[in-house]
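Below: one structure, written as structure tokens.
The values are calculated or read from the model by the stated rules, or taken from the named source; none is laboratory data. Remember, it's a predicted structure, so these values are computed and weren't measured experimentally. In this analysis, Cβ positions are derived from the backbone assuming ideal geometry, glycine residues included, and neighbour counts consider all displayed protein chains. Calculation scope for accessible area: heavy atoms of the full protein, side chains included, ligands and nucleic acids excluded. Shrake-Rupley method; radii C 1.70, N 1.55, O 1.52, S 1.80 Å.
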Amino acid sequence: MLFAPPLTGALMTGVLIERASFLASLEGLLGEAAGGSGRLVFLGGEAGVGKTTLATALAGTSHGPRVRRGGCDSVTTAEPLGPILDALPELVQTVDQDAGVSRLRLFRKVRDVLSESPMLLVLEDVHWADEATLDILCYLGRRLTGAELMILATFRSEELSRDHPLTVVLGDLASLPGVIRMQLPPLSAAGVRQLLAAEGSDLDADAVFQRTGGNPFYVTEVLATGAERVPATVRDAVLARVSRLSPAAQEVAGVTSILGRHAEVDFLAAVSGRPLAAVDECLDRGVLVMDGTTVGFRHDLARLAVEQSLPTAERASAHARALARLQALGSQDHRRLAHHAAGSGDREAVACHAPLAAARAARLGAHREAAEHLDLALRFHQAPDRERAELLDQLSYECYLTDQIARARDSGLAALAIYEQEKDTRSIGTSQRWLSRLFWFLGQNADSERYAAAAVATLEQLGPGPGLAMAYSNLSQLRMLADDHAEALQWGEKAIALARRFGDRDAEMHALNNVGAVLAWIGEVAEGRVRLTQSLDMALADDAHEHAARAYTNLGHNYLRNRSFAEADRYLRAGITYCTDRDLDTWRLYMNAWLAHSLAEQGRYPAADRYLADVLRHPHVSPITRVCALTVTGALAARRGRDAMGPLDEALPIALQTGEHQRLQPLAIARAEAARIAGRPADLAAEIDRTWPFAITHPEPWEVGELSWWLYLAGEHRQVPALLASPFALMLAGEHRASAGEWRDLGCPLWSAYALAFSPQLEDAQECLEILDGLDVPAARYAVLRDRRARGLVVPRGPRAARRASPAGLTARETEVLQLLAEGLSYAEVAERLVLSEKTVGHHVSAVLRKLGEPTRSRAVAKALRLGVIQPR
């Protein structure tokens with residue numbers, strides 16, 4: 001269904017073409033939302049295809065839910081929460097007057113307002129949305145359950161590149177229930193003919209279709225020209241309409257094009273210097289349309305055509321008049337003031353308003369927009385003075401928050417150069433410490449270390465102080481990451497003492513985290529976790545986002561390194577939830593990568609795949625996160641017989657550049673496993689040697705145990721100056737079944753299979769293959785069979801008889817577990833009956849669900865009964 005808008009005289013209103021099915025679908029979704037099943041619909045299509053018209057039609061048919069509408073603007077830097085505040089003007093006062101309102105409280109307030117009654121919220125052109133608006137869409141999209149709310153968000157498909165912020169949002173929300181994406185196509189040739197016929201046009205329908213591609217806006221603009229020939233472009237059609245206006249009305253249209261999506265009538269008349277009759281003429285001729293008390297173009301394509309046709313001097317003059325009028329009215333809209341100041345070339349006004357606009361944007365979480373305002377201020381402030389350095393510092397931080405780390409580094413370096421020129425010691429030291437952090441995020445650890453040491457040396461010249469405490473803690477963190485435990489503890493304890501002396505809670509939280517992580521690593525696990533928990537508790541109390549995220553990460557990672565998967569997953573999931581609620585994407589993605597690692601160790605590959613996909617679809621993910629995700633991706637690919645070296649080769653230079661053992665060691669192991677599976681034993685030891693020298697000088701039982709196992713497969717037996725973790729020690733001693741049992745108890749099915757892989761007992765080999773089949777890792781299975789043949793060990797000839805007899809390909813143990821579940825036993829009761837751990841029972845059930853293709857235990861039991869795999873209770 002398409003509403004062709006009234007275009008005065010030549011066109012009739014109410015022509016509805018080729019959109020009935022889309023409107024019916026939207027009406028159905030609106031009904032579901034009104035019933036308490038919230039819906040978020042992304043409606044895409046090219047510019048002018050009729051998205052707004054369809055949204056208007058839906059709003060017009062909505063008799064139950066209340067309708068709220070807001071839109072995004074392309075004329076200036078996007079207004080923070082602009083479309084949300086358009087739709088919910090009652091929140092404007094809360095946003096502007098309560099400077100202390102947190103993002104989470106604000107987002108909850110928005111959801112509360114939207115939940116007061118059944119509602120349709122229409123947000124137009126969200127491809128232009130500010131960062132805070134996209135964040136709130138994510139927030140609402142994850143909380144649709146039980147909401148009597150439908151959000152219809154329109155966007156231009158052709159605007160979305162791989163790294164467009166909306167592309168990331170669409171990917172993040174794609175798998176959530178209640179989130180739907182629709183694509184609106186152009187009109188067909190028949191639809192164009194129908195539209196022309198309905199309007200009584202004599203234009204050649206085929207020519208119009210060919211020239212416009214069926215774009216409804218283009219078609220209506222062509223019709224509005226009243227010409228006998230089809231204009232060459234939509235720009236020609238728009239300008240032809242404007243040219244028929246009086247000079248006064250043409251000036252009104254020109255001024256409107258530079259004022260934004262909508263302009264107040266009185267403001268437009270004042271800036272243009274033309275009477276209201278000229279505004280009315282634009283409305284009567286259909287060049288402008290009225291929306292409540294404001295005036296604007298029917299489509300941004302028309303606005304853009306008019307704006308681009310204005311001479312440069314005329315545009316600058318209009319901006320100057322708009323700026324003067326806003327100043328006379330006492331406007332506090334610093335975004336608009338900065339825009340018009342820049343358009344008129346008023347440097348003083350830009351310097352005044354752009355930083356204020358940036359501060360408001362940052363406070364509301366629109367950090368990309370804050371960076372744009374700061375860019376504008378810097379373009380108009382070229383003097384290398386302190387004011388420029390402070391703008392560069394602010395820009396560096398906003399870029400850091402938006403994953404533009406290289407740009408953040410460059411801005412930080414520029415600020416440092418000015419501070420050095422001014423010989424401002426405190427600012428120099430603070431900048432050096434900040435640059436150390438940025439270089440670390442870029443994986444350039446040598447530079448990070450250099451700036452960290454320089455920051456300490458610089459700030460120590462000024463004596464004890466809060467800035468020095470954080471410099472100490474930053475150096476402690478780098479020493480921790482380099483596994484220099486003694487130095488990390490020394491600097492960390494100095495930072496804690498100094499931070500407590502000056503009441504610097506930020507530095508104290510940061511240093512407690514460092515010290516706790518080191519203590520846990522060197523064996524003082526209980527004390528280390530106490531310090532880490534202290535850091536977390538302080539961060540949660542202060543709502544210190546980054547400190548809390550870092551504490552969750554290090555607690556989760558500490559448990560993961562010790563194969564305490566339940567605790568690791570608990571902290572990582574809690575951290576991911578915390579970061580999701582606060583849109584801390586950098587930390588959320590980092591924890592996603594580590595959680596994927598944990599899930600992969602537990603044989604929960606589909607779940608690991610989902611977390612990895614979430615990380616790797618982000619185009620600007622930080623190097624330290626990317627290397628972790630690529631490592632797990634490569635390991636899983638190797639086991640499945642897919643391309644493993646692609647991700648593993650991409651990860652290698654990143655890991656080498658960081659120089660951090662925690663990046664290189666997992667990668668070396670993944671590459672060693674890939675070499676073994678691919679039948680390249682000569683490469684196996686070479687991969688382990690990337691990390692072996694460090695591992696034996698900093699021996700840790702689990703790490704040296706795993707490295708020793710892969711070296712054993714390469715035919716090398718090296719002495720290790722430390723005890724190995726028990727499951728690895730048993731594997732290397734040939735205690736196959738004992739080792740497999742310990743791995744089962746830990747919840748590591750793959751390692752349980754690997755422990756049985758070289759057992760001389762046929763029964764052990766068969767169990768090994770059953771586990772690998774349950775994990776669906778055919779390449780790893782083939783490697784086990786190949787290596788058994790090479791070692792002269794008996795090779796199972798195929799699945800066990802019980803498995804061959806099963807129509808679903810279940811193993812005897814899986815069938816046994818399923819039979820007991822069918823009899824009503826719990827996981828714990830099944831485990832007790834079969835003398836297994838509950839984790840092992842869970843692995844068997846996961847394999848059963850995968851083989852039977854059923855999502856739940858009850859449905860799997862029902863299907864197995866139908867197939868005769870198990871007997872009725």
Compute the angle between helix 51-61 and the longest alpha-carbon principal axis of the chain, please, reported from 0 to 90 degrees and rounded to the nearest 10. 80
All aspartates and glutamates inside 20 Å of residue 109 as judged from Cα atoms, apart from same-chain residues fewer than 8 positions distant: 79, 86, 90, 96, 98, 130, 131, 135, 148, 543, 581, 583
Counting only DSSP loop positions in region 197-251, the GluC sites (Glu not before Pro) whose Cβ has at most 15 other Cβ atoms within 10 Å are 228
Tell me the net charge near residue 407. Cut-off is 13 Å between Cβ atoms, residue 407 excluded, with +1 for each Lys or Arg and -1 for each Asp or Glu. -3
When the helices in the chain are scored as -39500 (n - 2.57) per DSSP H run of 4 or longer and the sum is shared across all residues, what 222 nm value do you end up with, to the nearest 500 deg cm²/dmol? -21000 deg cm²/dmol
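Where does each of 664, 374 land when they are ordered by accessible area, with a 1.4 Å probe and the largest first?
Highest to lowest solvent-accessible surface, that is 664, 374.
Would you rank 74, 752 by solvent-accessible area, highest first, keeping every protein chain in place and using a 1.4 Å probe?
Greatest to least solvent exposure: 74, 752.
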So, in nm, how far is label residue 533 from label residue 108 when the simple model puts each one 7 Å beyond its Cα toward the Cβ? 2.5
Aspartates and glutamates within cross-link reach of residue 51: Cα-Cα under 18 Å, excluding same-chain residues under 8 positions apart? 18, 27, 73, 124, 125, 158, 159, 221, 291, 300
Sulfur and carbon atoms: percent of accessible area, region 715-851 [1.4 Å]: 53
Across region 705-719, in residue order, what do the Karplus-derived ³J(HN,Hα) couplings come to in whole Hz, using 6.51 cos²θ - 1.76 cosθ + 1.60 with θ = phi - 60° and x for Gly and Pro? x, 5, 4, 5, 5, 5, 5, 4, 5, 7, x, 10, 10, 10, 6
Nearest 10 degrees, 0 to 90: what angle lies between the long axis of helix 565-581 and the longest principal axis of the chain (Cα atoms)? 10
Report the net charge of residues surrounding residue 148, where surrounding means a beta-carbon distance below 11 angstrom and charges are Lys +1, Arg +1, Asp -1, Glu -1. 0
Reported to the nearest 10 Å², residue 344 has, with a 1.4 Å probe, an accessible area equal to 40
Would you mind calculating the gained length between residue 838 and residue 858 on full extension (0.36 nm times residue separation, minus the Cα-Cα distance), in nm to one decimal? 5.4 nm
If amide hydrogens are placed 1.01 Å from N in the peptide plane, which non-local residues have theirs closer than 5 Å to the one on residue 179? 40
What relative contact order, as a whole-number percentage, does the chain give when Cα pairs under 8 Å and 6 or more residues apart are counted? 6
Can you give the angle from 0 to 90° between the axis of helix 247-259 and the longest principal axis of the chain, with both taken from C-alpha atoms, to the nearest 10? 20
Could you give the nm distance between label points at residue 828 and residue 188, where each point is 7 Å from its Cα heading toward the beta carbon? 6.3
In square angstrom, rounded to the nearest 10, how much accessible surface does residue 650 have for a 1.4 Å probe? 80
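Add +1 for every Lys or Arg and -1 for every Asp or Glu among the other residues with Cβ under 15 Å from the Cβ of residue 254, and state the total.
My count for the surroundings of residue 254 gives +4.
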Probe 1.4 Å - accessible area at residue 242, Å² to nearest ten: 20
Taking the alpha-carbon distance from residue 863 and a cut-off under 18 Å, which lysines remain once sequence neighbours fewer than 8 residues away in the same chain are dropped? 851
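With an 8 Å cut-off on Cα pairs and a minimum separation of 6 or more residues, tell me the relative contact order of region 637-761 in percent.
Computed over region 637-761, the figure is 16 percent.
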Which loop-located trypsin sites (Lys or Arg not before Pro) does region 701-778 contain, where loop means any DSSP state but H, G, I, E or B and the Cβ has at most 16 other Cβ atoms within 10 Å? 718
What is the percent of Cα-Cα separations in the chain that go past 51 Å? 31
What residues have an amide H closer than 5 Å to that of residue 122, excluding those fewer than 5 places away on the same chain, when H is modeled at 1.01 Å from N in the peptide plane? 68, 69, 70, 152
For region 314-321, Karplus-derived ³J(HN,Hα) couplings (6.51, -1.76, 1.60; θ = phi - 60°; whole Hz; x for glycine and proline) come out as 5, 5, 4, 5, 5, 4, 5, 5
Order the following by accessible area, largest value first: 736, 262. Probe radius 1.4 Å; ligands, DNA and RNA are ignored. 262, 736
